[in-house]
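Asks: Here you go, one structure.
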Amino acid sequence: MTSVEHMKWWGWGVEGVAFEHSNKPDFAPFVKQAVGLDLRKPAQAHLSFDELTVPASRASEEFIAELSTLVGQGHVTTDDQERVVHTYGKSIRDLLRIRANDLPRTPDLVVYPADEAEVASVVAAAVAADAVIIPFGGGTNIAGSLDPQPTEERVIISLDLGRLDRVLSIDEGSGLATIQAGAQGPSIEEQLGAKGWTMGHFPDSFTHSTLGGWVATRSSGMQSDKYGDIADITKGLRMVRPNGIVAIRPVPSASTGPSVREMIIGSEGRLGIITEVTVQVHRTPAVREVLGYFFPTWEAGLAAMHEIAESDASPSVTRVSNARESGFSLATRKASTGVSAQVTKGLMKVLTARGWDLEQLCLSFIGYEGSASHVRYEKGLVGSIVRKHGGIGVGKGPGALYDQKKFDTPYLRDFLLDRGAAADVSETAAPWSRLQEVYDAANDAANAAYDKLGVHGWIMCHLSHSYHSGACLYFTFAFITGDDPIGEYEQVKSAIQQSFVDHGGTLSHHHAVGVEHSPWMEQDISTEGVAIMRGLFDSADPGSNFNPGKIL
Ligand code: FAD
């Protein structure tokens, strides 16, 4: 029997774990002030699974039997809960739809192949039967990349890669590891770590997302400043197509025409099923430190991040939150007592005496990895840049807060939904010269959308993932929902997205396109760019069998 574990059908993470604020005294007042939500009011219970209306499977007994002979009894299922778990990702739209019993179409069956040969036989059988195949990694995407098309008449197969979860080999001489596509973050790092290696790819969804999903969505991890985005980390791969395997050998660089490797990265299942990826790996660093810094204003923080990106320092993480997000981070701190509370109080007094407006204070995290001497050198360089921009170092304490927050935040969305508020994210990347403009435009767009809706909404932002030419801006927004939560969400999200492309940003730095962002593709990559991509999808998949409707 298949033993692949999945997240809750109704939310993030595993059953029994939830966001908890009783040990965070500043959180309830913060939420009241930010969106007007009173956390003393009781939470509403979400539907139980039995209350969902799950469409019946359209798969015939013969087709189920045929697939069962290919992957073995117990690895093909039409179970309702399995099909619901494989229907959506984890965007706020997905969570709202599940909670509203909005399931017009689900996969008709879920198939768990054991290896590439089984993937190939399932793909061949599915295409011969004119079925739709939607590859499934961890189901964590937030762009509608898994959504079955509501009007799809053909049988839909969710092809879950969860049994392909092994590191197959490590070429120690080259620092290249070949890993099966269904392996999830913790399992990859555990297998590599046992041999002294790390891949260095740590998206906030790390605990539940997979290597194949990262590649298929062009993911980026928090340490991308040092290790690169998944597009940089991916050196070779294998992808199953109806008539054979695309095999891209791992070479450091190649001059072989337009890059097929790059076409597959970000393809969201539209070109075939990725089964194996050869990635760049690194020796586990001797030292890993995340230090906190305070800046007096957002503009000062932004200028410092830019100068760090241009400097000889190459930190693993560069991140600065605007004043609102800094306030949020500090409000999610566990209660501090004794010495640490006194130190914080003392520090705030010093900053006020220096003329800082504490309402404008911006919290920054900079990560360092490498040998002790390398980390020392980088910290020195960064420290002088921070001071030049009026900032100060506040040590390792906030670094621990950063790690703690990473685990809390995904659960927070379910917590807020239980209490009638929606929170989600929108992110982009833009050149340094336009980042402030994009920042201002996105804030204005969200606030105009809130005014139009007549709600007291919230938007906050951080900069992360720095490059030589620019960086990613990551916005989180929240508001109390009314009668049409999805419609209201779409108004706010669309306004922010439109502001990105209007002001020189991309529709997404690392969350992919799916169906959520496809309306902006033409504005982002031009009409001719879309025509080339459409030609690729049409010729590679003439029968529209591979995850149709995504990206374009
Ligand atoms: P899925 O959601 O299962 O699938 C995503 C797409 O990839 C689908 O189109 C699917 O068909 C396709 N696909 C999956 N596997 C394969 C395969 N083997 N072959 C072909 N196609 C395949 N993203 C980031 O980049 N960085 C972050 O820090 C980050 N943080 C997040 C935090 C939260 C709380 C959440 C909910 C999401 C976050 N994401 C982040 C988004 C998401 O985790 C990524 O898009 C991730 O790469 C999806 O991987 P997955 O394995 O869950 O893929």
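The values are calculated or read from the model by the stated rules, or taken from the named source; none is laboratory data. Everything quoted here is computed from the prediction, not taken from an experiment. A quick note on method: Cβ atoms are made from the backbone with ideal geometry, for glycine too, and the neighbour counts reach across all protein chains shown. Please note that ligands, DNA and RNA were not included when accessible areas were found on the heavy atoms of the full protein model with its side chains. Shrake-Rupley method; radii C 1.70, N 1.55, O 1.52, S 1.80 Å.
Asks: Checking the conditions here, which among G514, G482 is surrounded by 21 or more Cβ atoms within 10 Å (Cβ to Cβ) and farther than 28 Å from F365 by Cβ?
Replies: Testing whether each residue is surrounded by 21 or more Cβ atoms within 10 Å (Cβ to Cβ) and farther than 28 Å from F365 by Cβ leaves just G514.
Asks: Sticking with this structure for a sec: Within segment 427-441, does at least one residue satisfy the condition of being open to solvent by 40 Å² or more (accessible area, probe 1.4 Å) and either among the hydrophobic types (A, V, I, L, M, F, W, C) or in the same structural domain as A100 (by TED's automatic domain parsing) (or both)? Before the answer, list the steps.
Replies: The initial filter retains those residues of segment 427-441 that are open to solvent by 40 Å² or more (accessible area, probe 1.4 Å), namely 431, 433-434, 436-437, 440.
Keeping just the survivors that are either among the hydrophobic types (A, V, I, L, M, F, W, C) or in the same structural domain as A100 (by TED's automatic domain parsing) (or both) gives none.
Checked segment 427-441: no residue is open to solvent by 40 Å² or more (accessible area, probe 1.4 Å) and either among the hydrophobic types (A, V, I, L, M, F, W, C) or in the same structural domain as A100 (by TED's automatic domain parsing) (or both).
Asks: What number goes with the only condition from (1) polar (S, T, N, Q); (2) more than 15 Å from the ligand (Cβ to nearest atom); (3) surrounded by 15 or more Cβ atoms within 10 Å (Cβ to Cβ) that S373 does not pass?
Replies: Result: S373 passes all but (3).
Asks: Any chance you could count how many residues in segment 212-238 are more than 11 Å from the ligand (Cβ to nearest atom) and charged (D, E, K, R)?
Replies: Going through segment 212-238 one residue at a time, the tally reaches 4.
Asks: Being more than 17 Å from I551 (Cβ to Cβ) and either among the basic types (K, R) or more than 20 Å from the chain's Cα centre (by Cα) (or both) is the filter here; which residues of segment 262-280 pass it? Show your work before the answer.
Replies: Taking segment 262-280 and keeping what is more than 17 Å from I551 (Cβ to Cβ), we get 275-280.
Result: T275, E276, T278, Q280.
Asks: Going residue by residue through segment 229-239, is there one that turns out to be touching a Phe, Trp or Tyr at 6+ places or on another chain (Cβ under 9 Å), under 24 Å from L463 (Cβ atoms), touching a residue at least 24 places away in the same chain (Cβ under 8 Å) and among the β-branched types (V, I, T)?
Replies: Yes: segment 229-239 contains one or more residues that are touching a Phe, Trp or Tyr at 6+ places or on another chain (Cβ under 9 Å), under 24 Å from L463 (Cβ atoms), touching a residue at least 24 places away in the same chain (Cβ under 8 Å) and among the β-branched types (V, I, T).
Asks: Condition check: in a loop (DSSP other than H, G, I, E, B), touching a helix residue (DSSP H, G or I) at 6+ places or on another chain (Cβ under 8 Å) and in the same structural domain as Y112 (by TED's automatic domain parsing). Does V54 satisfy that?
Replies: Values: in a loop (DSSP other than H, G, I, E, B): yes; touching a helix residue (DSSP H, G or I) at 6+ places or on another chain (Cβ under 8 Å): yes; in the same structural domain as Y112 (by TED's automatic domain parsing): yes.
Yes; evaluated as a whole, the condition is true for this residue.
Asks: Another one. If I ask for residues that are within 20 Å of G213 (Cβ to Cβ) and open to solvent by 50 Å² or more (accessible area, probe 1.4 Å), which ones from segment 240-249 would you list? Can you show your working first?
Replies: Residues of segment 240-249 that are within 20 Å of G213 (Cβ to Cβ), as a first pass: 240-241, 245-246, 248.
Hits for segment 240-249 are R241, I245.
Asks: So, one more: Within segment 272-330, can you find the residues that are within 16 Å of the ligand (Cβ to nearest atom), assigned to a helix (DSSP H, G or I) and modelled with pLDDT of 95 or more?
Replies: Result: E325, single match.
Asks: In contact (Cβ under 8 Å) with a residue 40 or more places away in the chain, hydrophobic (A, V, I, L, M, F, W, C), in contact with a Phe, Trp or Tyr (Cβ under 8 Å, 6 or more places away or on another chain) and away from the ligand (no atom under 16 Å from the Cβ): which single residue out of F63, F49 fits that description? Explain how you work it out, then say what you get.
Replies: Details: F63 fails: in contact with a Phe, Trp or Tyr (Cβ under 8 Å, 6 or more places away or on another chain).
The unique qualifying residue is F49.
Asks: Follow-up question, since we're still on this one. What helices (runs of 4 or more DSSP H) lie completely within segment 106-225 and have 1 or more residues being surrounded by fewer than 24 Cβ atoms within 10 Å (Cβ to Cβ) and under 15 Å from the mean Cα position of the chain (by Cα)? Walk me through how you get there before you give the answer.
Replies: Numbers: elements: 116-128, 185-193, 211-217.
Correct list: 185-193.
Asks: With the requirement that a residue be of a type in the set (S, T, N, Q) and surrounded by fewer than 13 Cβ atoms within 10 Å (Cβ to Cβ), what does segment 24-69 give you?
Replies: Correct list: Q44, S48, T53, S60, T69.
Asks: How about segment 449-487: which of its residues are in contact (Cβ under 8 Å) with a residue 60 or more places away in the chain, aromatic (F, W, Y) and under 24 Å from R99 (Cα atoms)?
Replies: Those that are in contact (Cβ under 8 Å) with a residue 60 or more places away in the chain, aromatic (F, W, Y) and under 24 Å from R99 (Cα atoms): W458, F479.
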